[in-house]
Amino acid sequence: MEWSIVHSLNDFLFRHDAVEDPLLFYIEASEALFAVTLLLVFLFANGERLRAWRRTALAAALSAGLALAVGKVISELVDRARPFVADAHGVHLFSAHAADPGFPSDHATAAFAIAMAIFLRKRSWGIVALLAAAVLSIGRVAIGVHYPSDVIAGAALGCAAALLLWWPPVRSRIDALSDLLGRPLERLLGWGADRLGGVRGP
C-alpha cells in the first residue's frame, strides 16, 4: 500500500509541471521559511499585546528541537532506506538528496511540532500552520524521499513534543524564559514602561 501511494504521487508530480514547480519550491524553501518566521516573530513581537506570540515562537522552536533530537535516535535505530534508494529505477527524484535513513521524516517532525505548538496557543493561525505542514509532508512523499509512514511518524512525533511542552509546569517555564529573553529586545526597540501604560522612573 505504501509503495502504491509513493508511486501514485510521484508519477502525478512527474506528469504535472504546474504542480511540481511551486511544490518543489515550497519544499526546498520550507526549512528557511519556518525558521525565519519564528525568528522574526520572536524578535518583533514586542509589547504586552504581542508578547504571547513571542512565547509561541519559543515554544514552537523548542518543540521542533526536542522532536528532531528524538527523531534522530529513532532514525539510527530503524535505519530505513528512502524510496528513491530502495527503488532507484522506479521513483523519480526531483532534487538531489542524501541517501540517509528516512524514518521518521525530519521535515514532517519539525513542521508538525511547530504547527501544533502554534495551534495550542493561536488556534486560527495554528490551523494554517498545520495545513502547511500537511502539504509539506505530502510533498516529501511525492518527490520520492519518504514513505507515507515516514511522514505520519514524523507528524505524530512532532505533535507529541509540542503537547509535552504544553504541560503546564513546562509551559510556565518556557513562558518565563521567553519573557526574560524578550526584555532586552523590548528595551532595544523602544518598548519601555511608558509605552505599556506605565511611568518611567527618574
Exposure of E2 as accessible area (Å², to 10), given a probe of 1.4 Å and all protein chains: 50
Options (1) 134; (2) 199; (3) 112 for volume of the Cα convex hull per residue in Å³; the value derived from the coordinates is listed as (1)
Return one whole number: the accessible area per residue of the chain in Å², for a 1.4 Å probe. 54
Accessible-area order (highest first, 1.4 angstrom probe) of the listed residues S137, S4: S4, S137
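Could you work out Rg/(2.2 N^0.38 Å) for segment 1-121, with Rg from alpha carbons only?
For segment 1-121, the normalised Cα radius of gyration comes out at 1.28.
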Counting only protein heavy atoms and using a 1.4 Å probe, what share of the accessible area of the chain belongs to carbon plus sulfur, as a whole percent? 69
With the chain treated as a Gaussian network of Cα nodes joined by springs under 10 Å, which of L23, L50, L163 yields the largest mean-square fluctuation? L50
Can you name the helices of the chain, as whole DSSP H runs, whose Cα span along the helix axis is 24 Å or more and whose Kyte-Doolittle mean is not below 0.5? 17-44, 51-78, 123-142, 148-166
Choice from R55, R15, R82 with maximal GNM fluctuation in the chain (Cα, 10 Å cutoff): R15
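The values are calculated or read from the model by the stated rules, or taken from the named source; none is laboratory data. What you see is a predicted model, and the numbers here were worked out from it, not measured in a lab. In case anyone asks, the SASA skips ligands and DNA or RNA and just uses the protein heavy atoms, side chains included. Shrake-Rupley method; radii C 1.70, N 1.55, O 1.52, S 1.80 Å.
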